[in-house]
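Below is one structure, written out as structure tokens; comments come after it.
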Amino acid sequence: MYPERIELNGHRFRRFLTRQQIAAIVERLAQQLRRDYAGVTPVCLIVLKGAFVFAADLLRAAGIPCRVETIRARSYGTAMHSSGRVEIQPPELSLAGADVLLIEDIVDSGLTLRELLGFLRRQQPASLRIVALLAKPSAQELQPQPDYIGLEIPPLFVVGYGMDYAEHGRYLPDIYALEEPEQGNPTQERTSFAAVDLSQTAE
Ligand code: 5GP
């Protein structure tokens with residue numbers, strides 16, 4: 001078990017979701033996918049790098065026959081806030097006529113998702129749905145919304161379970177939230193730790 005509080009790259013983080021809580025969220029999403037993809041063999045498109053751990057658990061929990069492909073979307077670089085620019089590295093597999101399920105780790109401003117959706121629609125898939133493990137409040141203004149959201153969280157910066165801070169912390173089995181304001185930017189609103197209402201994860 002990793003400690004309650006950790007330091008990554010000079011920043012303090014505190015445990016926000018345990019692996020058991022994450023597993024419960026993933027199981028609920030997996031049930032929804034089993035129901036909605038019965039008789040369909042989707043292309044599960046994993047958004048790298050952050051969604052690789054989530055996708056590995058989700059696909060095994062769902063157990064639906066599918067093809068797996070990756071797409072790379074870079075919006076964060078090494079900072080905690082979006083650079084406002086999204087680079088897309090396209091998948092090798094043709095998505096024309098495919099039932100595409102896009103697997104995202106976290107939706108914040110929605111910029112990455114908007115760019116990805118624009119790119120994917122041009123490939124003319126038969127259907128396109130989005131599953132995101134986490135979504136921040138700003139994602140609520142997003143159109144269209146992800147079809148499946150594991151958990152809505154406060155506007156925190158989180159790491160672990162595939163998500164990084166400057167490439168650190170992806171290996172952590174639990175999800176941690178930043179405890180302090182970003183250094184060097186005192187005017188920025190404090191991204192304080194807040195408990196999340198896990199009742200949302202109940203069936
Ligand atoms: P958006 O474009 O929606 O603002 O951001 C989406 C991408 O930014 C996510 O796929 C993820 O890679 C990254 N991101 C957004 N919020 C967080 C966060 O709290 N922690 C980490 N590690 N990455 C985040």
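The values are calculated or read from the model by the stated rules, or taken from the named source; none is laboratory data. This one's a predicted model, so the numbers in the text were calculated from it and none came from an experiment. Reconstructed Cβ throughout: ideal geometry from the backbone, glycine too, with neighbour counts over all protein chains shown.
The residue pairs whose first member lies in the stretch 137-160 and is under 15 Å from Ala51 (Cβ atoms), whose second member is away from the ligand (no atom under 11 Å from the Cβ) and acidic (Asp, Glu), and whose beta carbons are closer than 7 Å, counting only pairs six or more residues apart or on different chains, are Gly160/Asp174. Among the residues of the stretch 57-85, just one is of a type in the set (Val, Ile, Thr) and at pLDDT below 85, namely Thr78. Screening the candidates Pro42, Pro90, Pro65 for the property of being within 25 Å of Arg121 (Cα to Cα), touching an Asp or Glu at 6+ places or on another chain (Cβ under 7 Å) and not aromatic (Phe, Trp, Tyr) yields one hit, Pro42. Against the numbered list (1) touching a Lys or Arg at 6+ places or on another chain (Cβ under 6 Å); (2) part of a loop (DSSP other than H, G, I, E, B), Leu101 comes up short only at (2). One residue alone among Leu95, Leu33, Leu120 is part of a loop (DSSP other than H, G, I, E, B), buried (at least 18 other Cβ atoms within 10 Å of the Cβ) and more than 14 Å from the chain's Cα centre (by Cα), and that residue is Leu95.
Can you find a residue in the stretch 6-29 that is free of Cβ contacts under 8 Å to residues at least 40 places away in the same chain, surrounded by fewer than 19 Cβ atoms within 10 Å (Cβ to Cβ) and among the basic types (Lys, Arg)? No, the stretch 6-29 has no match at all. Picking from residues in the stretch 139-165 that are more than 9 Å from the ligand (Cβ to nearest atom) and hydrophobic (A, V, I, L, M, F, W, C), the one that is farthest from Ala30 (Cα to Cα) is Leu151.
Taking the conditions (1) modelled with pLDDT under 95; (2) in contact with a helix residue (DSSP H, G or I) (Cβ under 6 Å, 6 or more places away or on another chain) in turn, Tyr148 satisfies each one other than (1).
Counting only residues that are crowded, with 20+ Cβ neighbours inside 10 Å and of a type in the set (Gly, Ala, Ser), which one in the stretch 98-117 is modelled with the highest pLDDT? Ranking the qualifying residues of the stretch 98-117, first place goes to Ala98.
Against the condition closer than 20 Å to Arg15 by Cα and at pLDDT 95 or above, how does Ile153 come out, does it pass? Spelling it out, Ile153 is indeed closer than 20 Å to Arg15 by Cα and at pLDDT 95 or above.
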